[in-house]
1. Restricting attention to the stretch 29-59, which residues are hydroxyl-bearing (S, T, Y) and at pLDDT 90 or above?
2. Just to be sure before I move on: is A51 in contact with a His (Cβ under 8 Å, 6 or more places away or on another chain), assigned to a loop (DSSP other than H, G, I, E, B) and among the hydrophobic types (A, V, I, L, M, F, W, C) in the structure I sent?
3. Take the conditions in contact (Cβ under 8 Å) with a residue 12 or more places away in the chain, surrounded by 10 or more Cβ atoms within 10 Å (Cβ to Cβ) and not in a loop (DSSP other than H, G, I, E, B) and apply them to A60. Does it pass?
4. Please enumerate the residues belonging to the stretch 79-105 that are at pLDDT below 90, of a type in the set (V, I, T) and touching a Leu at 6+ places or on another chain (Cβ under 9 Å).
5. What pairs come out if I take residues in the stretch 30-48 that are in a helix (DSSP H, G or I) and pair them with residues that are among the β-branched types (V, I, T) and surrounded by 14 or more Cβ atoms within 10 Å (Cβ to Cβ) whose C-beta lies under 8 Å away, six or more apart or interchain?
6. Scan (1) touching a Lys or Arg at 6+ places or on another chain (Cβ under 7 Å); (2) outside any strand (DSSP E or B) for the single condition A68 breaks and write down its number.
7. Which residues, counting only those in the stretch 73-88, are assigned to a loop (DSSP other than H, G, I, E, B) and closer than 15 Å to A51 by Cα?
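The values are calculated or read from the model by the stated rules, or taken from the named source; none is laboratory data. Everything numeric here is computed off the predicted structure, so don't read it as measured data. Quick reminder, even Gly has a Cβ in these numbers, built from the backbone with ideal geometry, and neighbours come from all protein chains shown.
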Amino acid sequence: MKYSDAKRAADRKYAAAHSARRIRRAGVWRRLNSARHAAFQGLHKARKYGAVPAFADLTAMRDMYMEAQFQGLQVDHIVPLIGRNVCGLHWEGNLQLLTPADNKSKGDHTWPDR
């Protein structure tokens, strides 16, 4: 089914009239589901880089983000998605939970001894 020009115009008019409401509802959802939002953001960024393999378990990664929020930690890529010498993949085996201070001090280093 193809949209007609009249249908597109009606959709644009509706979206313009209700944009503030949609933005407000999206903000409420993000606050109530901050771990899921963080997981979506991480997945979106990784897909942009082409770093999500077919074998990645998205449910396990989402659970890791939820656990991080529960414990007050951050999810970190062991091998960074974009590194100086190597690029990693976005999958559960390449993720770890770190304190915010440890994550910031790690930067884009791949191994702790560097």
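1. Within the stretch 29-59, S34, T59 qualify.
2. Details: in contact with a His (Cβ under 8 Å, 6 or more places away or on another chain): yes; assigned to a loop (DSSP other than H, G, I, E, B): yes; among the hydrophobic types (A, V, I, L, M, F, W, C): yes.
Answer is yes for this residue.
3. Spelling it out, A60 is indeed in contact (Cβ under 8 Å) with a residue 12 or more places away in the chain, surrounded by 10 or more Cβ atoms within 10 Å (Cβ to Cβ) and not in a loop (DSSP other than H, G, I, E, B).
4. Scanning the stretch 79-105 gives a single hit, V79.
5. A38/V75; G42/V75; L43/V52; A46/V52
6. (1)
7. Passing the criteria: I78, V79, P80, L81, I82, G83, V86, C87, G88.
For every residue, the table says whether it meets (1) touching an Asp or Glu at 6+ places or on another chain (Cβ under 6 Å); (2) hydroxyl-bearing (S, T, Y); (3) touching a residue at least 40 places away in the same chain (Cβ under 8 Å); (4) surrounded by fewer than 18 Cβ atoms within 10 Å (Cβ to Cβ).
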residue: M66; (1), (2), (3), (4): no, no, no, yes
residue: Q71; (1), (2), (3), (4): no, no, no, yes
residue: H77; (1), (2), (3), (4): no, no, no, no
residue: L81; (1), (2), (3), (4): no, no, no, no
residue: R84; (1), (2), (3), (4): no, no, no, yes
residue: T99; (1), (2), (3), (4): no, yes, no, yes
residue: N103; (1), (2), (3), (4): yes, no, no, yes
residue: K106; (1), (2), (3), (4): no, no, no, no
